[in-house]
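Colleague: Mind having a look at this structure? Questions to follow.
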Amino acid sequence: MPEVKVRRTGISTAEAESAIRDALGGECEITPTDDRTIDVRKGFFVRAKVNMREEPGGTLFHVRGSGVPIPLLFGTTMLINNNGIAKRIATAIEAREEFRDNG
């Protein structure tokens with residue numbers, strides 16, 4: 001489960017959605033579930049959840065792969081998504097230039 005801390009605070013879910021969409025392309029479905037959590041789906045099997053939390057000195061993004069709601073596949077797809085889409089999302093957030101400074 002990747003975690004990324006960026007120096008900027010006050011990042012909105014809309015800004016995080018934009019960073020994720022730019023990294024994954026337009027075919028993904030990005031849905032905010034509240035003001036600090038985003039669900040990402042790219043097809044039936046590829047899923048992730050992004051939680052944002054303000055901390056001293058920046059914002060922490062906790063990104064984890066999600067499993068499909070089928071008992072026999074849940075653990076396998078969660079592991080695959082942690083190593084796939086979750087890492088891609090974390091890399092995109094970390095590389096986002098406007099998340100690097102509070103300026």
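Taken together, the values in this text are just the output of simple stated rules run on the coordinates, not laboratory data. Since the model is a prediction, treat every value here as computed from it, not as a measurement. Note that each Cβ is placed from the backbone with ideal geometry, even for glycine, and that neighbours are counted across all protein chains shown.
Here's the yes/no breakdown for (1) in a helix (DSSP H, G or I); (2) more than 14 Å from Glu15 (Cβ to Cβ); (3) of a type outside the set (Gly, Ala, Ser):
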residue	(1), (2), (3)
Met52	no, no, yes
Thr59	no, no, yes
Val63	no, yes, yes
Gly67	no, yes, no
Leu72	yes, yes, yes
Ala86	yes, yes, no
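Colleague: For segment 93-100, check the following and say yes or no: at least one residue is without any contact (Cβ under 8 Å) to a residue 60 or more places away in the chain, acidic (Asp, Glu) and part of a loop (DSSP other than H, G, I, E, B).
Modeller: Looking through segment 93-100, none of the residues is without any contact (Cβ under 8 Å) to a residue 60 or more places away in the chain, acidic (Asp, Glu) and part of a loop (DSSP other than H, G, I, E, B).
Colleague: For segment 1-21: of the residues being among the hydrophobic types (A, V, I, L, M, F, W, C) and not in a helix (DSSP H, G or I), which is surrounded by the fewest Cβ atoms within 10 Å (Cβ to Cβ)?
Modeller: Met1
Colleague: How many residues are surrounded by 15 or more Cβ atoms within 10 Å (Cβ to Cβ) and either within 16 Å of Gly84 (Cβ to Cβ) or of a type in the set (Val, Ile, Thr) (or both) if we restrict to segment 27-36?
Modeller: So the count comes out to 2.
Colleague: Which numbered condition in (1) of a type in the set (A, V, I, L, M, F, W, C); (2) under 26 Å from Pro69 (Cβ atoms); (3) surrounded by fewer than 17 Cβ atoms within 10 Å (Cβ to Cβ) is the only one that Leu24 fails?
Modeller: (3)
Colleague: On to the next question. Considering only segment 39-98, state which residues are surrounded by 13 or more Cβ atoms within 10 Å (Cβ to Cβ) and of a type in the set (Phe, Trp, Tyr).
Modeller: Result: Phe45, Phe61, Phe74.
Colleague: Kindly indicate the residue of segment 36-50 that is part of a strand (DSSP E or B) and among the aliphatic types (A, V, I, L, M) and also nearest to Ala23 (Cα to Cα) among those meeting that condition.
Modeller: Result: Val40.
Here's the yes/no breakdown for (1) touching a residue at least 24 places away in the same chain (Cβ under 8 Å); (2) closer than 12 Å to Ala92 by Cβ:
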position	(1), (2)
Ala19	yes, yes
Gly26	no, no
Thr31	no, no
Asp35	no, no
Val40	yes, yes
Glu54	yes, no
Pro69	no, no
